Amino acid sequence: MTATPLLRHLVAAFVLFTCNALQAGTPLRVKLPAGSDHASGRLLVSLLPADAAEKAAKDGVVREVSVSPFGGANGALIGMDVPDIAPGVPFAVDVETQAWPAGLSSLPAGEYYLQAVLDTARDNNYGGSGDDISSAPVKVALGKGGDLPLLVLDQLSPEPGDMWAVPPQASDAFRAQVEAAKPHVRELDLVSTKLSAFWGRPIHMRGWVVLPPGYDDNRNARYPVVYWTHGFGGNLRYALRSAVETRTAMAQGKTPPMIWVMLDESSATGTHEFADSVNNGPWGAALTEELIPQVERDYRADGTAKSRFLTGHSSGGWAALWLQVRYPKLFGGSWPTAPDSSDFRDFTGADLYAPNANVYRRADGTQIPLVRHEGKVLASFEQFAKMEAVIGPYGGQMASFDWVFSPRSADGRPMPMFDRRTGTVDPQVAAYWREHYDIAHRIVSRWNELKPDLDGKIHLIVGTADTFHLEGAARKLEAAMQSVGAKTGFRFLPGRTHGDLFTIGDDRHALERTIAWEMYAIARPDAKIPADLPRPELEPGH
């Protein structure tokens, strides 16, 4: 049954009435200052117990109220779409319909800090873009029948500023690195014909090209090329920081001279993974048929598959792995680190193909954990997914997977792989994921076709204590590849997590150096590899 506009208004009125009755006072209201412009977006109201908020503040002064599924704070996050806010006119907030973990009426009595944020770009699920309008945090007592406050949206987020601007708190050493790298890092901005045709508007592919030492001095020299991309939450600014670090390592002689292309894979829907998708468009085709040929025309690349490599971490690791498997003739090797699930029989703990599959609960009813640290579960799959849904329908990690992997529904949006309320997996969607994007399935089912160009090119690295349990899918991928006789060479690093995977000894970037030299040894077999190259401890048998 389709709800009529009248019915929807009646339901909303009932919810507000219920909340008001529970509070026995004036409802929670929000407004823009008189004289400001009209605004719209996703309204988010965060509530945290006062003691927790004050403890989190560095000097005891609460400037921001942030609710997270990690750590179990007894707060709440309320979300609602706001099509238009007129300046100076307060409106009541629906504090029950869309809330995590539950509505305001479920909170225990006590003192709380409240803060409202209007996400005008609807991108806070991906970290935000600086377009938020916020209220100041307000301390209130809940459960005593008093009035709830009027939150005034009068604080604008600071402008992001120049990409090359160095934060005031940065060290002098980092400032020097940025200045030294700047002449050797070139902006990459290509309007894709393929993506623009898909979307009906200009679509840019962006990134940074990092040139090796000596590039400008020797006009005849050519170089191997590494295509790198970031994980979920990364963007062009983040890629620039990685570009500076990459250039610094080459300038110091810690890594070999190669051209690095730092690709931005962020979009309004999350990370597009450089995969062709019925929802996001032909990002894989645009990369391989437009951007890479353009880069290798503009810069002195070797221009051969043997000298063209891929790497990335997390979602960027999945992209690096996918591109190698999808275009095996084009690339000479991929070093994915802690990639997102490459075998959907272990989608961060859930088997999407099991009968009555559910991403929230195992068959025995126990919760499926998603995030861990030092052996402790910080958030379950259910907690993470439900909070993401409250923040908004676009840009979150789970929604991002749907935009890449799912078929398109009749309303033009991707079909969700699972029900956000119950965790129930849609078997039709899971089957589509399997046939189109399950990397293990693709390799096994097409091995005879892939073997001549793919065998021995995948160099996956992951920690055995990965924060998001991603080693599970990696083990299944390894077993699947071994079942068809493929060379694997996977490395499982004992005790390493998602965040410290690259650390060897006191060097937080040591594994990155090792990977770079492994690539260079393939492109330049006669090159002298440093004798002191860091080698990570490996799990026995690997």
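The values are calculated or read from the model by the stated rules, or taken from the named source; none is laboratory data. Only a predicted model underlies this, so the values are computations on that prediction, with no experimental measurement involved. Methodologically, a virtual Cβ is constructed for each residue, glycine included, from the backbone with ideal geometry; neighbour enumeration extends over all protein chains shown. Heavy atoms of the whole protein, side chains included, go into the accessibility calculation; ligands, DNA and RNA do not. Shrake-Rupley method; radii C 1.70, N 1.55, O 1.52, S 1.80 Å.
Could you check region 415-427 and list, in sequence order, the residues that are surrounded by fewer than 20 Cβ atoms within 10 Å (Cβ to Cβ), farther than 13 Å from PHE384 by Cα and under 21 Å from the mean Cα position of the chain (by Cα)?
Correct list: MET415, PRO416, ASP419.
How many of the residues making up region 108-132 are surrounded by fewer than 17 Cβ atoms within 10 Å (Cβ to Cβ) and more than 27 Å from the chain's Cα centre (by Cα)?
Adding up the residues that qualify gives 4.
For LYS55, work out the one condition from (1) at pLDDT 95 or above; (2) open to solvent by 50 Å² or more (accessible area, probe 1.4 Å) it doesn't fulfil.
It fails just one condition, (1).
Are any residues in region 513-542 open to solvent by 60 Å² or more (accessible area, probe 1.4 Å) and either within 28 Å of the chain's Cα centre (by Cα) or of a type outside the set (A, V, I, L, M) (or both), and if so, which ones?
Answer for region 513-542, where residues must be open to solvent by 60 Å² or more (accessible area, probe 1.4 Å) and either within 28 Å of the chain's Cα centre (by Cα) or of a type outside the set (A, V, I, L, M) (or both): ARG524, PRO525, ASP526, LYS528, ASP532, ARG535, GLU537, LEU538, PRO540, GLY541, HIS542.
Assuming ALA173 fulfils every condition listed in (1) open to solvent by 40 Å² or more (accessible area, probe 1.4 Å); (2) touching a residue at least 12 places away in the same chain (Cβ under 8 Å) apart from one, which condition is it?
(2)
Output the residues belonging to region 260-285 that are within 17 Å of the chain's Cα centre (by Cα) and of a type in the set (Val, Ile, Thr). I'd like the intermediate steps shown before the answer.
Start the filter on region 260-285 by keeping residues that are within 17 Å of the chain's Cα centre (by Cα), which leaves 262-275, 280, 283.
THR269, THR271 - these are the residues of region 260-285 that are within 17 Å of the chain's Cα centre (by Cα) and of a type in the set (Val, Ile, Thr).
When the residues of region 145-158 are narrowed to those that are of a type outside the set (Asp, Glu) and over 13 Å from THR26 (Cβ atoms), which ends up surrounded by the most Cβ atoms within 10 Å (Cβ to Cβ)? It would help to see each step written out before you state the result.
Step one: list which residues in region 145-158 are of a type outside the set (Asp, Glu), which gives 145-146, 148-153, 155-158.
Adding the requirement that they be over 13 Å from THR26 (Cβ atoms) leaves 152-153, 155-158.
Values: VAL152: 17, LEU153: 22, GLN155: 15, LEU156: 12, SER157: 14, PRO158: 7.
It comes out as LEU153.
Looking at ASP507 and the list (1) surrounded by fewer than 17 Cβ atoms within 10 Å (Cβ to Cβ); (2) modelled with pLDDT of 95 or more, which single condition is not satisfied?
So ASP507 meets the others, but not (2).
Pick from SER105, SER135: which is of a type outside the set (D, E, K, R) and open to solvent by 30 Å² or more (accessible area, probe 1.4 Å)? Outline the logic, then answer.
Numbers: SER135 fails: open to solvent by 30 Å² or more (accessible area, probe 1.4 Å).
So the residue among SER105, SER135 that is of a type outside the set (D, E, K, R) and open to solvent by 30 Å² or more (accessible area, probe 1.4 Å) is SER105.
Here is a yes/no grid of residues against (1) touching a His at 6+ places or on another chain (Cβ under 9 Å); (2) touching a residue at least 24 places away in the same chain (Cβ under 8 Å):
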residue	(1), (2)
PRO336	yes, yes
PRO355	no, no
ASN358	no, yes
THR366	no, no
VAL371	yes, yes
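Whether any residue in region 428-443 is open to solvent by less than 40 Å² (accessible area, probe 1.4 Å), free of Cβ contacts under 8 Å to residues at least 40 places away in the same chain and in contact with a Pro (Cβ under 8 Å, 6 or more places away or on another chain) is what I want to check.
Checked against the condition, which is being open to solvent by less than 40 Å² (accessible area, probe 1.4 Å), free of Cβ contacts under 8 Å to residues at least 40 places away in the same chain and in contact with a Pro (Cβ under 8 Å, 6 or more places away or on another chain), region 428-443 yields at least one hit.
Please count how many residues of region 59-102 are under 22 Å from HIS38 (Cα atoms), of a type in the set (Asp, Glu) and open to solvent by 70 Å² or more (accessible area, probe 1.4 Å).
Within region 59-102, the first condition is being under 22 Å from HIS38 (Cα atoms), and the residues that meet it are 78-94.
With the extra rule that they be of a type in the set (Asp, Glu), the set shrinks to 81, 84, 94.
Add one more test, that the residue is open to solvent by 70 Å² or more (accessible area, probe 1.4 Å), and what stays is 81, 84.
Going through region 59-102 one residue at a time, the tally reaches 2.
Taking only region 165-214 into account, find how many residues are within 23 Å of the chain's Cα centre (by Cα), of a type in the set (S, T, N, Q) and outside any loop (DSSP other than H, G, I, E, B).
Number of matching residues: 0.
Looking only at residues in region 342-353 that are open to solvent by 10 Å² or more (accessible area, probe 1.4 Å) and of a type outside the set (Lys, Arg), which one is farthest from the chain's Cα centre (by Cα)? Full working, then the answer.
If we filter region 342-353 for residues that are open to solvent by 10 Å² or more (accessible area, probe 1.4 Å), which is where we start, we get 345-346, 348-349, 351, 353.
From what is left, the residues that are of a type outside the set (Lys, Arg) are 346, 348-349, 351, 353.
Details: ASP346: 19, THR348: 15, GLY349: 18, ASP351: 22, TYR353: 24 Å.
By that ranking, first place goes to TYR353.
From the set of residues in region 510-542 that are over 17 Å from GLU245 (Cβ atoms) and β-branched (Val, Ile, Thr), which is modelled with the highest pLDDT?
Our first condition is that a residue be over 17 Å from GLU245 (Cβ atoms); within region 510-542, this holds for 518, 520-533, 535-542.
Subsequent filtering for residues that are β-branched (Val, Ile, Thr) retains 522, 529.
Details: ILE522: 98, ILE529: 92.
This residue is ILE522.
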